[in-house]
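Q: Sharing a structure here in structure tokens format.
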């Protein structure tokens with residue numbers, strides 16, 4: 001199961017060894033633990049993360065785990081945030097209030113402020129892109 005999740009993630013994230021970077025082209029998110037493990041590996045690798053497309057839900061935890069100096073964005077970058085939730089074996093979803101506070105607190109200060117200005121983390125997704133995103137993270141060169 002775990003290998004399948006990592007394989008799925010790597011299909012959405014392209015590594016370019018010659019440039020020592022990982023490019024996020026499209027990530028819908030998923031189980032938080034899997035993303036935290038992946039980003040921990042990337043942090044230790046020294047590679048730069050290029051956000052070059054949609055990075056939604058658990059994917060946005062890259063902002064919490066990677067140093068800002070190793071994250072850059074392209075004009076196609078879009079970050080999608082929502083509150084974490086628990087999903088039981090029957091697929092029913094439940095609010096994860098404590099986890100929402102914890103996740104929100106881990107984002108960089110400018111991202112936290114933007115989230116607060118847009119109503120906080122709720123079940124309804126909010127999207128950070130364009131000039132607002134470019135003001136928070138460097139453009140990839």
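The values are calculated or read from the model by the stated rules, or taken from the named source; none is laboratory data. These numbers were taken from a predicted model, which means no experiment stands behind them. Note that we place each Cβ from the backbone using ideal geometry, even for glycine, and neighbour counts take in every protein chain shown.
Q: Output the number of residues of region 90-129 satisfying the condition of being without any contact (Cβ under 8 Å) to a residue 40 or more places away in the chain, under 21 Å from residue 53 (Cα atoms) and out of contact with any strand residue (DSSP E or B) (no Cβ under 7 Å at 6 or more places or on another chain).
A: The total comes to 2.
Q: In region 84-107, which residue that is assigned to a loop (DSSP other than H, G, I, E, B) and at pLDDT below 95 is nearest to residue 36 (Cα to Cα)?
A: Residue satisfying both the conditions and the ranking: 84.
Q: Looking at the structure I just gave you, is residue 25 surrounded by fewer than 19 Cβ atoms within 10 Å (Cβ to Cβ), under 13 Å from the mean Cα position of the chain (by Cα) and either within 21 Å of residue 108 (Cα to Cα) or modelled with pLDDT of 90 or more (or both)?
A: So residue 25 passes the test.
Q: What's the number of the only condition in (1) in contact with a helix residue (DSSP H, G or I) (Cβ under 6 Å, 6 or more places away or on another chain); (2) crowded, with 19+ Cβ neighbours inside 10 Å that residue 65 fails to meet?
A: Here residue 65 clears every test but (2).
Q: Please work out which one of (1) more than 25 Å from residue 40 (Cα to Cα); (2) touching a strand residue (DSSP E or B) at 6+ places or on another chain (Cβ under 9 Å); (3) surrounded by 13 or more Cβ atoms within 10 Å (Cβ to Cβ); (4) at pLDDT 95 or above is the condition residue 70 fails and give its number.
A: (1)
Q: Let me ask something additional. Restricting the search to region 29-39, which residues are assigned to a loop (DSSP other than H, G, I, E, B) and either modelled with pLDDT of 95 or more or surrounded by 16 or more Cβ atoms within 10 Å (Cβ to Cβ) (or both)?
A: If the condition is that a residue be assigned to a loop (DSSP other than H, G, I, E, B) and either modelled with pLDDT of 95 or more or surrounded by 16 or more Cβ atoms within 10 Å (Cβ to Cβ) (or both), then 29, 30 are the ones that fit.
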